[in-house]
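Beneath this line is the structure, given in structure tokens, with notes to follow.
The values are calculated or read from the model by the stated rules, or taken from the named source; none is laboratory data. On a predicted model such as this, the values are computed, not experimentally measured, just so you know. Cβ placement follows ideal geometry from the backbone for every residue including glycine, while neighbour counts extend to all protein chains displayed.
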Amino acid sequence: MSFSIGLSGLRATNQDLNTISQNIANVSTAGFKAGRSEFSAIYSGGQPGGVEVAKTSQNFDKDGDKVYTGRALDLAISGGGFFITSLNGQTAYTRAGTFGKDADNYITASNGARLQGYPANANGQLLTGVVQDLRISTASLPARASTSVELIANLKADATTIDTAAPGYTFDPLDATSYNYSQSGKIYDSLGTEHVLTQYYVKTADNQWDVHYTLDGAAVGAAQTMTFDTAGKLLTPAGNITLNLTPAGADPITLAINPSQVSQYAGSFSFTRNESDGYAAGDLAGVRIEENGNLYAVFSNGKDQLQGQVVMANFANPDGLRQGNNTSWTQTFASGQPVIGAPGSGTLGQLTAGSYESSNVELSDELVNLMTAQRNYQANSKSIAAADKMTQVLFNAV
């Protein structure tokens, strides 16, 4: 019996050496999870029968270090969960977040498997009921005509009043003495052509201002009057100021200017915001992925457009997953069904873009384990050698 016991020890230790060697070999593999051999004793009818490896488990509880790369499509998971990939109709799960783009602009892993997520429609709305291959559109972003301007400003309450009723007074954008302050901002027509809208503020009385407008230097519309109460709050106009613009060669623009956040306090004249909602056409310049998995195409005009959202999966028993090639796992009956959702929801971890998760193998620990396994192997070999000598002694005595 001692022969078989020693032989079982050699077999089990050999499997343990394989596990340790696999850990050491993958110390630099992105998303790799260290394995551990779990031994169990063998008994038959109450008699000792040796040892066996009950299973080889992997450490999914410990994250690997985050390796910063600066690449937009590299992703690291902090916490639980896996990326979902698909290759030739086969779904696999991985922690290796080293992704790139293929010739068709699908986001792919190193083995060509496509990253899965929620797609977005043409209006930039996520379709959360569908999980499919994530793809970045290469189409240009069309121009959008401006329809509104948001103002956040303060008009200097103690500014000098200009007597607009004085003989010879005429508002003139080229005459800086005919107004107190001016501020310019960009708007866009339906062709994406940039125009400069300038607002000129003339203080006509205490708490009262006239506002004149020019588009590319040409006057547009009539002057608008703004009044404030004695606390510096805007009284009129109560709603938006509407300008009807007719840029050459483009569609007419009805522009709504929202002055509700314009104040009048003593101090300096300031404009915190003077922005329109329009923009010029843009070409694809890059991609961006946020912590919640939202995937954006970034365009040359500074705008971005939602392309989809990276989704993740987690399992009730990750140890039940079947290990595959390319640092991936597949679902089994033991692992249970995947729970799919956006990063950061439920038990799913957070994403870090521009980085990937390295192996969680501790090389120093594995080297110690390697020496321990080697001694175990030698000890079991000695037990077999000792049993052999005792058998020889017995044969010689007979």
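Filtered by the rule that a residue be in contact with a Pro (Cβ under 8 Å, 6 or more places away or on another chain) and without any contact (Cβ under 8 Å) to a residue 60 or more places away in the chain, region 241-253 gives Ile241, Asn244, Leu245, Thr246. For the list (1) in contact with a strand residue (DSSP E or B) (Cβ under 6 Å, 6 or more places away or on another chain); (2) part of a strand (DSSP E or B), I need the number of the one condition that Gly64 fails. The single condition Gly64 does not satisfy is (2). Among the residues of region 319-337, those identified as assigned to a loop (DSSP other than H, G, I, E, B) and within 15 Å of Thr94 (Cα to Cα) are Leu321, Asn325, Asn326, Thr327, Gln331, Thr332, Ser335. Within region 23-54, being under 30 Å from Ser110 (Cβ atoms), surrounded by fewer than 16 Cβ atoms within 10 Å (Cβ to Cβ) and without any contact (Cβ under 8 Å) to a residue 40 or more places away in the chain holds for Ala25, Arg36.
Quick grid of which residues meet (1) assigned by TED's automatic domain parsing to the domain that holds Thr19; (2) surrounded by 18 or more Cβ atoms within 10 Å (Cβ to Cβ):
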site	(1), (2)
Thr56	yes, no
Leu73	no, yes
Ile77	no, yes
Leu87	no, no
Tyr93	no, yes
Thr108	no, yes
Tyr118	no, yes
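The sole residue among Ser328, Ser335 that is surrounded by 15 or more Cβ atoms within 10 Å (Cβ to Cβ) and in contact with a helix residue (DSSP H, G or I) (Cβ under 6 Å, 6 or more places away or on another chain) is Ser335. Can you tell me which residue in region 338-380 is surrounded by the fewest Cβ atoms within 10 Å (Cβ to Cβ), limited to those that are of a type in the set (Ser, Thr, Tyr) and not in a strand (DSSP E or B)? The residue in question is Ser364. Gln199 passes all but one of (1) over 30 Å from Ala103 (Cα atoms); (2) in the same structural domain as Gln305 (by TED's automatic domain parsing); (3) not charged (D, E, K, R); which number fails? Single failed check for Gln199: (2). For the structure I just gave you, tell me whether Asn154 is assigned to a loop (DSSP other than H, G, I, E, B) and either at pLDDT 95 or above or among the polar types (S, T, N, Q) (or both). No: the conditions fail for Asn154.
The residue of region 261-275 that is surrounded by the fewest Cβ atoms within 10 Å (Cβ to Cβ), among those that are in contact with an Asp or Glu (Cβ under 9 Å, 6 or more places away or on another chain) and either within 18 Å of Ser184 (Cα to Cα) or modelled with pLDDT under 90 (or both), is Gly267. Those strands (runs of 3 or more DSSP E) of region 254-317 in which 3 or more residues are within 28 Å of Asn240 (Cβ to Cβ) and in contact (Cβ under 8 Å) with a residue 24 or more places away in the chain occupy 270-276.
Under 7 Å by Cβ, and 6 or more places apart or on different chains, what pairs join a residue from region 112-141 that is closer than 17 Å to Phe299 by Cα with one that is part of a strand (DSSP E or B) and of a type in the set (Ser, Thr, Tyr)? Close Cβ pairs satisfying both conditions: Arg135/Tyr106.
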